[in-house]
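All remarks here apply to the structure that follows.
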Amino acid sequence: MATTAALNGSSNPPGPTVYVKNLEESIKPDQLKEALTEIFSEYGTVIDLVAKTNLKAKGQAFVVFDDTEAAIRAIEEVQGFELFEKPMVLDYAKTRSDATVQREGDPEVFEVHKRRRLAEKERKQAYEAAEAQKKLKRPAPGAVPEIGAGRPVKASRGAGLKSSNPAAGAVIPEEYLPPNKILFVQNLPDDYGVDALTAIFGRFEGFREVRLVPGRKGIAFVEYEAEAGSISAKEGTAGMIVGEEGRIMKVVYQRQ
């Protein structure tokens, strides 16, 4: 017998979160949320509703019900319904929502879920940043190479930095580096040593050590046993104000 997901034309398994796309992008988020809540509340209890506002993800939303049956009914009956003169396209979400995991009541499971989601988001951002740089460097179709193109050039300062993404020639900005076990900490007070940094970063799971750079002040490396620890530490310390001068500490993943 065909599954409910297959009958609904979905490749994703049924779950309590409904993914909505093809929404009118000119509608303000509050107005859109109000309209979606009114529509979907007819099919069950809505425990969360996220309407995307960033430019790339506009026109999309996630409606989280308290049970899967409500989501199934909503997809069956609302599919193609016109909202602000555009037919909505519905599907089951690929992953569980924060609200669903948090509702299960296990704080540890919820923390792991958040870390995984954050790691996936940062990996995606890193890939997109690398792809964008590749497109900028790619010559336009039919373009005539400049005179001297192809000749060896003197390596500029900083050349040879490895990218953590396989996109050749693209150097990923620090803020988009994918997660790994080591954090690179910058903009530290000159008097911050191993003890001060251990007090900050040692409270996160899997802390291993702080490494200072001989002859260099204001920077350090912090290593964890696994990515989960570094992800949690980065999320919990980035932007922290440290020292008497009130410096804003910058925390990124080490470039691989």
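Any read-out appearing in this document is the output of simple, stated calculations on the displayed coordinates, not a laboratory observation. Just so it is clear, the model here is predicted, and its values are computed rather than measured. Ideal geometry is used to build each Cβ from the backbone, glycine not excepted, and the neighbour counts take in all protein chains shown.
Need the full-extension length gain, Thr95 to Thr45, defined as separation in residues times 0.36 nm minus the C-alpha distance. One decimal, nm.
Result: 16.1 nm gained on full extension.
Gain in length, Phe84 to Glu209, computed as 0.36 nm per residue apart minus the alpha-carbon separation, to one decimal in nm?
Contour length minus Cα-Cα distance gives 39.5 nm.
Using 7 Å Cα-to-Cβ label points, what is the Lys217/Glu245 separation (nm, one decimal)?
0.8 nm
Once fully extended, how much extra length lies between Ala196 and Arg255, figured as 0.36 nm per residue of separation less the alpha-carbon to alpha-carbon distance?
Working it through step by step, the gained length comes to 18.9 nm.
What order do you get for Thr237, Thr17, Thr37, Thr95 when you list them from fewest to most C-beta neighbours inside 10 Å?
Arranged by neighbour count, lowest to highest, Thr237, Thr17, Thr37, Thr95 become Thr37, Thr95, Thr237, Thr17.
Glu209's amide H: which non-local residues (gap 5+, or another chain) put their own amide H closer than 5 Å, with H modeled 1.01 Å from N in plane and none for Pro or chain starts?
Residues meeting the amide H criterion: Glu223.
Mind ordering 238-247, 185-194 by average Cβ neighbours within 10 Å, highest first?
Ranked by mean Cβ neighbours within 10 Å, highest first: 185-194, 238-247.
If neighbour count is taken as other Cβ atoms inside 10 Å, put Lys94, Lys181 in order from fewest to most.
Lys94, Lys181
If you take the alpha carbon radius of gyration of the range 8-99 and divide it by 2.2 N^0.38 Å, what ratio comes out, to two decimals?
This ratio for the range 8-99 stands at 0.97.
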